[in-house]
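Visitor: The structure is given below, and queries will be raised subsequently.
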Amino acid sequence: MLTELSKGLELEDQALKEAVGGDSLNLNLKINYYPPCPRPDVALGVVAHTDMSAMTILVPNDVPGLQILKDDLWINVDYVPNAIIVHIGDQIEILSNGIYKSVLHRSTVNKDKVRMSWPVFCSPPGDSVIGPLQQVVNEDNPPKYKAKMFKDYAYCKINKLPQ
């Protein structure tokens, strides 16, 4: 996946993989459990957010509930049996200087069924410095993001501090 994203930026095949830590990329699995909710019209499973990772690989169960924001509308992501969902995360947005966008998404709950998902967050090592790649910035497209260590980015995001 990172190879294809690198090609989309007209970079060397391994550019994004190397920028996010290469073989030291951290993979963190989370298990999300959303019990049935009698009033799904007034509750969310998870509020709108982007993932601080480079990318997220998501395995959902067959109960719908993932939504993405597109053109100021919340769009339901259809369940496709045996498929995975891949989200672009904040670190790829930063490295691409905003050419790729981190996916703003949220989770809804179901009135009658348990919804579960298993995201794997693919993140750079904490001491990796992440900033716009030099190959995607120029005089007409200056850096839109500050370079910083991933652990500092994560601290600010978790604590809702300015980046």
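The values are calculated or read from the model by the stated rules, or taken from the named source; none is laboratory data. What you are looking at is a predicted structure, and each value in this text was computed from that prediction instead of being measured. Here Cβ is always computed from backbone atoms with ideal geometry, including for glycine, and neighbour counts include all displayed protein chains. Areas reflect the complete protein model, heavy atoms only, side chains present, ligands, DNA and RNA absent. Shrake-Rupley method; radii C 1.70, N 1.55, O 1.52, S 1.80 Å.
Visitor: If you scan the range 56-76, which residues turn out to be part of a loop (DSSP other than H, G, I, E, B) and either open to solvent by 80 Å² or more (accessible area, probe 1.4 Å) or touching a helix residue (DSSP H, G or I) at 6+ places or on another chain (Cβ under 7 Å) (or both)? Break it down into steps so the answer makes sense when it comes.
Guide: Taking the range 56-76 and keeping what is part of a loop (DSSP other than H, G, I, E, B), we get 61-65, 71-72.
Across the range 56-76, the qualifying residues are ASP62, PRO64, ASP71, ASP72.
Visitor: Moving on to the next point. Using the structure shown, decide if LYS160 is of a type outside the set (Phe, Trp, Tyr) and at pLDDT 95 or above.
Guide: Details: of a type outside the set (Phe, Trp, Tyr): yes; at pLDDT 95 or above: no.
In short, no.
To keep it simple, each residue is scored yes or no on (1) surrounded by fewer than 19 Cβ atoms within 10 Å (Cβ to Cβ); (2) more than 18 Å from ALA54 (Cα to Cα).
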| position | (1), (2) |
| --- | --- |
| SER123 | no, no |
| SER128 | no, no |
| VAL137 | yes, yes |
| ASN141 | yes, yes |
| CYS156 | yes, no |
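Visitor: Which one is farthest from SER117 (Cα to Cα), of the residues in the range 1-44 that are loosely packed, with under 11 Cβ neighbours inside 10 Å and of a type in the set (Ser, Thr, Tyr)?
Guide: Taking the candidates together, the pick is SER24.
Visitor: Sticking with this structure for a sec: If you check SER53 against the conditions, is it in a strand (DSSP E or B) and in contact with a strand residue (DSSP E or B) (Cβ under 8 Å, 6 or more places away or on another chain)?
Guide: Values: in a strand (DSSP E or B): no; in contact with a strand residue (DSSP E or B) (Cβ under 8 Å, 6 or more places away or on another chain): yes.
Criteria not met by SER53.
Visitor: If you check every pair at least six apart or on different chains, which have Cβ atoms under 7 Å apart with a residue in the range 24-40 that is within 14 Å of ASP51 (Cα to Cα) and touching a residue at least 24 places away in the same chain (Cβ under 8 Å) first and a residue that is open to solvent by 70 Å² or more (accessible area, probe 1.4 Å) and not in a loop (DSSP other than H, G, I, E, B) second?
Guide: LEU29/TRP118
Visitor: For the range 105-142, how many residues are touching a residue at least 12 places away in the same chain (Cβ under 8 Å) and either touching a Gly at 6+ places or on another chain (Cβ under 7 Å) or among the acidic types (Asp, Glu) (or both)? Working first, answer last.
Guide: Filtering the range 105-142 for residues touching a residue at least 12 places away in the same chain (Cβ under 8 Å) gives 105-133, 135-137, 141.
From what is left, the residues that are either touching a Gly at 6+ places or on another chain (Cβ under 7 Å) or among the acidic types (Asp, Glu) (or both) are 107-110, 112, 115, 124-125, 127-128.
Looking only at that region, the number is 10.
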